[in-house]
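Take a look at the structure set out below.
Readers should treat all values here as calculations from the given coordinates under stated rules, not as data from a laboratory. Every value quoted in this text rests on a predicted model; they were computed, and no experiment measured them. Cβ: placed from backbone, ideal geometry, glycine included. Neighbour counts: every protein chain shown.
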Amino acid sequence: MRVRRHSGRPSGGGHADRTPPDTPHKASGGGGRYAHVPDLSPGGRRWLLDFAILVAVFGIGYLGTSVWMSPASIIGADHAVPRVLELTGGEAQRRLAALGFRAKFDESREDLSIPRGSIVWQDPPPGVVLPENSVVWLAPSAGVPQVPVPDVVGLARPQAEKIIVAAGLKIGDVDTIAADPEPNVVVATRPSAGQGRDPGSPIELVVSGRPVVGSGPPPPAPRSVPLAARPQPAQRQPPP
């Protein structure tokens, strides 16, 4: 009896069907169409992972930008403190009240650039997110430091003017009055010495002019001598 031996090789040429991973396969059901088999090789999985990381980074960046640009829309009832510097006190108070904040004023502070009455300092600073009804402290500007009027009474006018200009003020109107001192001497200033004025403010001077004619005491009146007390001329005697 002859026994037929079968090998493990498939028939049809003696070659195994080696299909590459990316080769399309026929879909079940006929029709000649092919179904795409996703690439699950290490390279394909690496590409999907990189794509997922890119999408996550974009989402986080977008969310962070939204929170930074408009925190009120994310947090809800909370609001970002607006910038009210260089605004007048009333305008700053109205802008804070529109967002639900309460404004309180601190002592004024001198400043060389911000006009007097405008806001020069606020706490918390702009951009801080706070709940409604929070307090925002404001400090108005006191303007530039004032300059005290120097004491120049009794000085000659040219010297007094130099001192006033050196103090940061300027010479205003000059009035002349008749006075007993020597002419061209400062007898008063308007405003008076020691009062504060903004730099560049005019200072009026009052200087002495010529002395008033006849301002001294009147000369003594001549004394009248009685007629009987006046000496009489000697009478001439006739010759004998």
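Points to keep in mind about this one:
- Note on Ile163 and Ala193: the model spin-label points, each 7 Å out from Cα along the C-beta direction, lie 0.6 nm apart.
- Table column - 3J(HN,Hα) (Hz), segment 167-173, Karplus curve with 6.51, -1.76, 1.60, x for Gly and Pro: 7, x, 10, 9, 7, x, 5
- Here the label points at Leu112 and Asp173, each 7 Å from Cα along the C-beta direction, are separated by 3.4 nm in the simple model.
- Taking amide H as placed 1.01 Å from N in the peptide plane, the amide H of Arg197 sits under 5 Å from that of Val147, Val149, each at least 5 places away or on another chain.
- Peptides 83-89, 124-130 ordered by packing proxy, namely the average of other Cβ atoms within 10 Å per residue, highest first: 83-89, 124-130.
- The gain in end-to-end length when the Ile60 to Arg102 segment is fully stretched comes to 11.7 nm, 0.36 nm per residue minus the alpha carbon separation.
- FRET efficiency, Arg45 to Asp123 (Cβ-Cβ, R0 51 Å, nearest 0.05): 0.40
- Additional length obtainable on full extension of the chain from Glu204 to Asp151, 0.36 nm per residue less Cα span: 17.8 nm
- Calculated from backbone phi, Karplus (6.51, -1.76, 1.60) coupling profile of segment 128-144 in Hz, x at Gly/Pro: 6, 8, 9, x, 4, 6, 6, 9, 10, 8, 10, 10, x, 7, 8, x, 6
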